[in-house]
Amino acid sequence: MNKTSPHKLPLAEQAYQRLFKEIATTKLAPGTHLDEKDLVQNLGIGRTPIREALLRLSSEHLIENVPNKGFSVQPITLQNTKAIFQALWFFEKAVIDLAVNQDLAEILAEMARVNQDLGRAIEADDPWELVKLNNQFHMAFARCSKNEYIVSALRNVRFGSARLAYLSYSDAGSQENNLAQHYQAVVGEHQRIIDALGGRDKETLCAIIQKHLQTFQQRIVSYLTSLSA
């Protein structure tokens, strides 16, 4: 998620970013075993940075450490999907409660810039860029709380939901829904979030965030249901 040249990043961050993308885009499919020796060879990065990256991904619930088996990519199930959206609503509601009493001019300007970039990513039909920009937008929203503990908690949940976001923004998650219409709805709802924050309108903000999450969840549940049909 960092714009710094990959080769200038610490090795653990390089390993994390490469694995994060492969997991989020489902190149590494749910349930895939992650052999540390293979990762060292494939990524050309030492075992210690690889281990650090795996532990970080585990904290975001993108991978799991199975006793006596090592790390594997976390499955996507209706149960853990429900848990993700419960956590997102819990923490984003906490952001709302605090944000309406803060001076947010600088953060709102950042959110507006990111939302414009998201519009350009839509034109470029780049689902991975959409995932990254969506995370940037919502992490800026988290910072509106001015509470580092809430920001940290939301970061883990948001990054942990990256695969769901990718499915929502790609053909894999489109099902019968109009993908272009979904894209435009996301940009529009983001703008309404910015407007409600600027107006310190807590009631409207709660309604928009709830609808935003419900739309996201419905697309993922539809996708998961189609897999089991």
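The numbers here are math on the coordinates, done by the rules we state, and not lab data. Bear in mind that the values here come from a model prediction, so they are computed numbers and not experimental data. Glycine also receives a Cβ, built like all others from the backbone with ideal geometry; neighbour counts cover every protein chain displayed.
What's the magnitude of the charge dipole for segment 103-145 around its Cα centre, counting Lys and Arg as +1 and Asp and Glu as -1 at the beta-carbon? Answer in Debye, nearest 20. Numbers along the way, then the final one.
Working: 4 positive and 8 negative charges, 25 e Å.
So the dipole magnitude of segment 103-145 works out to roughly 120 debye.
Taking the Cα centre of the chain as origin, sum charge times position over the Cβ atoms of Lys and Arg (+1) and Asp and Glu (-1), and report the length of that vector in debye to the nearest 20. Kindly include the intermediate steps, with their values, before the conclusion.
Values: 25 positive and 25 negative charges, 90 e Å.
I would put it at about 440 debye.
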By how many degrees, between 0 and 90 and to the nearest 10, does the Cα long axis of helix 179-198 differ from the longest principal axis of the chain? 60
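What pairs in Lys82/Lys211; Lys93/Lys132; Lys21/Lys93; Lys93/Lys146 have C-alpha atoms more than 19 Å from each other? Write out the running numbers ahead of the final one.
On the way: Lys82/Lys211 15 Å; Lys93/Lys132 22 Å; Lys21/Lys93 28 Å; Lys93/Lys146 14 Å.
The pairs that break the limit, which is 19 Å between Cα atoms, are Lys93/Lys132; Lys21/Lys93.
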What share of all Cα pairs of segment 1-111, in percent, falls into each consecutive 10 Å distance bin? 12, 34, 27, 21, 5, 0
With the Cα gyration tensor of the chain in hand, convert its eigenvalues to equivalent ellipsoid semi-axes via √(5λ) and list them largest first in whole Å. 30, 21, 17
Just to be sure I understand the model, the point goes 7 Å from the Cα along the line to the Cβ. What's the resulting Ala153 to Trp89 distance in nm? 1.6
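Could you state the orientation-averaged shadow area of the convex hull built on the Cα atoms of segment 132-229, in nm² to one decimal? Please list the in-between numbers first.
Values: hull surface 26.2 nm².
Mean projected area of the Cα convex hull: 6.5 nm².
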Spacing of the two label points (7 Å from each Cα toward its C-beta) at Arg113 and Asp35, in nm: 4.5
